[in-house]
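See below for the structure under consideration.
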Amino acid sequence: MAHLDGEKPGRTPERRASIPDQISLVRRLRHGDHAAAEELVDKCYERIYLFMRAMGHDRQTSEDLTQDTFLKVWNHIGQLRDGKALNGWLFRIAGNMSRLYWRRHKYEKPGSSELPERPEGVIDGSQQAAEREQFDHLHRAVARLPWKLRQAVVLHYMGQLTIAQAAQAAQVRQGTLKSRLNRALEALRKEFAEE
């Protein structure tokens, strides 16, 4: 199966901020430090954008919703009680932005537009074509999942959040998130087994 984790093959994973760095960043954001806001966007923009793409939004909508997410974070940073919870809180806001968009545009079909960007660094030739087909099929299958199941898959596998962080972002208990992941993965397994 293609990468669900959003990591680009051949690249080292981005360095995660340590807890003290994250707490410091939140403190600086609360004090209105524009450099801290830039740092947050630099570190997290791609992850939030890819989250929006995986939630079925087209490129332009994903860019708009990603920018709106960071504006909301900037305007409501005072509501974040624990600086260690920044990642989960950021994805919760992104998830809410996505859900509100789909509520307002309920007659549009998620994932009906172009597919998300493909990871870079894949080998040329027939292997590339096979991987591209598998990648496209996987993203179409994830886009067809019910919203809550899709959100769980995207938060945990693409957003690279822990179960605890993904549950916080989805505003559910960890057991509920695990259950959603299991149901989503079972649905994806069935779809791939039927081929």
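For the peptides 28-36, 46-54, 180-188, 65-73, residues were scored by their other Cβ atoms within 10 Å and the scores averaged per peptide; the highest-first order is 46-54, 65-73, 180-188, 28-36. Applied to segment 59-74, the Karplus parametrisation 6.51 cos²θ - 1.76 cosθ + 1.60 on θ = phi - 60° returns per-residue 3J(HN,Hα) values of 4, 5, 5, 4, 4, 4, 5, 5, 5, 4, 4, 5, 5, 5, 4, 4 Hz, with x for Gly and Pro. Each Lys or Arg adds one and each Asp or Glu subtracts one; over the other residues with Cβ under 11 Å from the Cβ of Trp89, this totals +3.
The numbers here are math on the coordinates, done by the rules we state, and not lab data. In this text, all values refer to a predicted model and were calculated from it rather than measured experimentally. Ideal geometry is used to build each Cβ from the backbone, glycine not excepted, and the neighbour counts take in all protein chains shown.
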